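Have a look at the structure below before the remarks.
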Amino acid sequence: MRWLSPTALFGLLALAVPILVHIFGRRLARRQRFPTLRLLKDTLPRPTTRSRPSDLVLLLLRCAVIVAAVLGLAQPIWSTASRSRSAQQPARAIVVDTSASMQRLTSGDTTAVDQARSLARRMLDSARSSLLIETDDPGQQLAGAASWLQSRAGARELVVVSDFQRGAVEEGQLAAVPRGIGVRFTRVAAAGAPAVMDDRSVVALRVSAQLDGTSATWIEPAVDTRWPFAVLAAKRDSDAVHAASNAARVVHVSSDSTRDVAVVFPSYETRQGLVAGAGSLDAPWQGDLLHRLTHDSLLRAVSTSARVLGPCPVIGAPIARNVSGEVVATIARAGAGADHEVLVFACVEPGTLAASAILASVATAVDPAPDFGELEPAFVPDEELRRWERPATEIAPPSPDDSSDGRWFWLTAIALLLIEELVRRSPRVRQRRAVTEVSRERVA
Amino acid sequence: MTSALSPDVVSAIDDLELAARLVVEGLRAGSHRSPFHGYSSEFQQHRPYRVGDDLKYLDWKLLARTDRLYTRQFRETTSMSVMLVVDGSASMAFPEAGVSKWCYATIVAASLAHLIVSQGDAVGLLAMADNRMTYLPAKGGRPHLRSMIATIDRIQPAGTWSPARGISRGAELLKRRGVVIVISDFQDVEADTHRELRRVASHGHDVAMLQVIAPDESHFPYRGDIEFEDMESGERRVIDASTVAGPYRAAFDNFLTRSRDNALRDHVDYALMNTGTPPGPALRDFLMRRGAKPGGHHAGTRNTP
């Protein structure tokens with residue numbers, strides 16, 4: 001049993017009034033000096049100084065009226081089975097993150113968004129009243145969800161379903177949720193890799209950190225991406241080169257590059273001429289390129305098992321070697337009069353995996369803008385989420401429409417008042433009748 | 001001009017003598033015969049002289065004219081004695097706010113005394129407060145009136161009175177037949193009072209009862225539980241006034257009717273005086289009724305003044 005306005009229970013002190021009146025009422029009666037009581041006494045069929053037997057009943061009735069009225073004022077709420085059930089079922093506002101990162105596949109065969117939606121639906125079913133918000137910026141919606149919850153009665157809970165990429169929900173935004181409202185985070189775990197949308201294109205995510213959060217944009221390179229470098233090979237090798245390029249696209253995401261780089265395969269007709277004119281790298285950006293290529297893990301891993309096709313020219317700097325120490329590819333500055341500034345001499349067959357690795361490595365080295373390290377989105381770790389969460393401690397006062405059981409007490413009070421009136425009247429009626437009879441006798 | 005001095009105005013006049021004079025002056029304004037007739041040695045008729053008649057009443061001028069002996073006869077020539085018996089019991093102090101019955105009674109008594117003395121009759125006083133009698137013999141004259149008014153003024157209503165004792169004693173003190181006017185609320189021992197009034201009246205006295213009541217007694221304007229205290233016995237009783245109001249009013253009316261009926265039966269003059277009405281007109285009504293009443297005054301025909 002709960003009271004909506006327990007302070008009204010102080011009204012029980014009013015019980016003292018009828019009791020005191022009952023005890024001291026006779027003494028409290030106004031005194032009136034009167035010439036003689038003779039005539040007054042004659043009019044009374046029986047002495048009234050003795051307290052009437054109905055007085056005690058009246059006192060009890062009056063006390064009961066006060067108790068009932070006070071209890072009615074205090075607005076009690078009985079804990080019934082249905083009420084306790086509804087108290088256990090909180091009002092729930094669910095914010096589902098539909099941002100880009102949620103489009104990724106989960107370990108199941110669905111996207112994170114779909115999984116989040118089905119989770120949310122399950123939570124909606126177990127809530128007393130609920131609100132579902134789908135947004136690509138859950139943090140912004142917290143305040144709105146909280147204000148909706150504040151208008152609800154009973155236990156209240158705010159649930160955020162997201163992959164909790166950094167920036168999706170900030171700790172500062174949680175401040176908008178008033179104390180007493182529970183906050184729960186449900187993570188929809190996405191498998192690490194971005195989903196491949198079709199067999200040719202790669203969908204990648206560009207995440208950029210900004211002052212107010214992190215934003216992510218999907219990047220879907222066009223199929224006919226222009227390589228930021230030229231591929232020089234014999235015509236008969238064009239199919240192999242094309243296959244290698246396609247394979248390399250899985251890794252590379254294009255952007256605009258102003259550097260003029262060419263990959264020269266052994267089958268290229270004027271390769272010997274290019275080798276003759278080539279020299280050592282001299283520009284700073286060429287050193288940068290060399291550094292990236294030599295540190296390319298993909299190139300390094302693939303080239304260990306590469307089969308070298310003829311000896312590689314010993315110019316410039318070698319960028320990859322196989323297990324037997326043979327140079328798989330080397331990089332050099334192009335000679336004067338050449339069409340390109342920098343030449344990468346590949347010493348493998350164009351159709352091999354090593355060729356693909358070289359193409360991909362050169363592409364990422366020449367055009368490193370979307371660093372793959374940045375592509376991997378950062379997530380808010382679980383420990384931090386647990387720290388942000390809080391249980392629904394406070395049970396909100398039910399809104400005015402949440403009717404209390406006070407009306408039953410009011411009804412009782414009114415019924416008791418009626419009974420009191422009847423009890424109070426009945427002896428009087430008898431008394432009055434007796435009085436008139438007495439006076440009639442006297443007249444006679 | 002008839003005095004319509006309201007009771008509270010009259011009672012506000014501290015000087016009881018002045019108040020009485022004001023009331024009486026109002027009475028005088030109307031022309032009426034003295035209700036306490038008796039003093040004026042008014043010539044009534046001649047009758048033939050009989051041996052033994054006092055020669056001083058012989059009409060010498062008639063003897064000279066007609067050579068016959070006639071004796072002049074006069075109406076009552078002795079002065080009347082009026083005894084005012086005033087109830088000074090505690091119940092007369094009601095109501096405690098406003099004009100009490102006692103206050104009203106003293107004004108009526110003083111006015112009567114003033115009137116009687118100014119007509120040359122004798123007036124006496126017997127007031128009984130707290131069962132003690134204050135007595136002034138019936139006499140005439142201004143000094144007597146003044147001391148009498150002062151005496152009434154000094155009395156404070158208290159205790160009870162014994163109407164039987166008061167009335168019989170007042171009648172005894174008159175020594176000879178006279179007028180006994182009892183001013184009271186007649187709330188005490190009704191039976192005794194009426195028996196005594198009847199007895200005194202049967203002894204040849206002219207008896208009048210002035211019953212003084214207060215409006216609150218007759219209207220009973222009380223409501224709810226009230227502890228009523230008997231002003232004389234001090235007895236207290238909590239009574240629901242609303243319940244008894246109706247029966248009480250009926251009982252009070254009965255009481256008044258009973259008083260009047262008893263008075264009529266016993267040939268006692270009766271007047272009801274309500275403290276809510278001016279004393280002048282009430283007194284005037286009473287006196288006019290007395291004046292109109294045959295034999296209401298002592299107008300015995302006598303030879304001797």
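The values are calculated or read from the model by the stated rules, or taken from the named source; none is laboratory data. Since the structure is predicted, the reported quantities are computational estimates derived from the model, not experimental observations. Because the Cβ atoms are built from the backbone with ideal geometry, glycine has one as well, and the counts that use them run over all protein chains shown. Each accessible area value is taken on the protein alone, full model and side chains, heavy atoms only, with ligands, DNA and RNA left out. Shrake-Rupley method; radii C 1.70, N 1.55, O 1.52, S 1.80 Å.
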Exercise for the section: Could you please put B:SER233, A:SER129, A:SER107 in sequence from largest to smallest accessible area, using a 1.4 Å probe? Expected result: A:SER107, B:SER233, A:SER129
Handout entry: Label-point separation in nm, A:GLU269 to B:SER242, each point 7 Å along Cα→Cβ
Key = 12.9
Practice task
Roll a 1.4 Å probe over the protein heavy atoms and report the accessible area of B:TYR135 in Å², nearest 10.
Solution key: 80
Completion exercise
Expected field for A:VAL67, accessible surface area in Å² at 1.4 Å probe radius, rounded to 10, holds 50
Problem - Interface B:A - total buried accessible surface [probe 1.4 Å, Å², rounded to 100] - result: 3100
Practice task
Quote the FRET efficiency, to the nearest 0.05, computed for B:MET288 versus A:VAL423 with a Förster distance R0 of 56 Å and r equal to the Cβ-Cβ distance.
Solution key: 0.45
Problem - Rg ratio (alpha-carbon, reference 2.2 N^0.38 Å) - the stretch B:126-188 - result: 1.14
Handout entry: Length-normalised contact order of the stretch B:93-137 in % [C-alpha pairs under 8 Å, at least 6 apart]
Key = 19
Exercise for the section: Quickly rank B:124-133, A:415-424, B:237-246 as a protection proxy: mean count of other C-beta atoms within 10 Å, highest first. Expected result: B:124-133, B:237-246, A:415-424
Fill in the blank from the handout: Computed over the stretch A:272-363, the convex hull of the Cα set has an average projected area, in nm², of 5.5
Fill in the blank from the handout: Partner shielding of B:91-97, taken as the mean number of other chain Cβ atoms within 10 Å, equals 3
Exercise for the section: Would you check the accessible area of A:GLU171, probe 1.4 Å, heavy atoms only, in square angstrom rounded to 10? Expected result: 100
Completion exercise
Once both label points are put 7 Å beyond Cα along the C-beta direction, the A:ASP239-A:GLU341 separation in nm becomes 3.6
Fill in the blank from the handout: Length gained if B:ARG154 through B:ARG265 is fully extended, taking 0.36 nm per residue and subtracting the Cα-Cα distance, is 36.4 nm
Handout entry: For B:220-233, mean number of other protein chain Cβ atoms within 10 Å
Key = 5
Exercise for the section: With a Förster radius of 45 Å, plug the Cβ-Cβ distance of B:ASN131 and A:LEU20 into 1/(1 + (r/R0)^6) and report the FRET value to the nearest 0.05. Expected result: 0.60
Handout entry: Long-range amide H partners of B:MET128 with built H, under 5 Å
Key = B:VAL86, B:GLY88, B:THR134
Exercise for the section: Once you have the Cα-Cα distance between A:SER280 and A:ARG259, take 0.36 nm times their residue separation minus that, and quote the gain in nm to one decimal. Expected result: 5.9 nm
Handout entry: Pairwise FRET efficiency - A:HIS295 versus A:ARG387, Cβ, R0 = 22 Å, nearest 0.05
Key = 0.05
Fill in the blank from the handout: Taking only protein heavy atoms and a 1.4 Å probe, the highest-to-lowest accessible-area order of B:ARG289, B:ARG199, A:ARG38 is B:ARG289, B:ARG199, A:ARG38
Exercise for the section: Divide, for the stretch A:263-302, the radius of gyration over alpha carbons by 2.2 N^0.38 Å, where N is the residue count. Expected result: 1.44
Completion exercise
The extension gain from A:THR304 to A:ALA378, computed as 0.36 nm times the residue separation minus the Cα-Cα distance, is 23.4 nm
Handout entry: Peptides B:218-226, A:132-140 ordered by average Cβ neighbours within 10 Å, highest first
Key = A:132-140, B:218-226
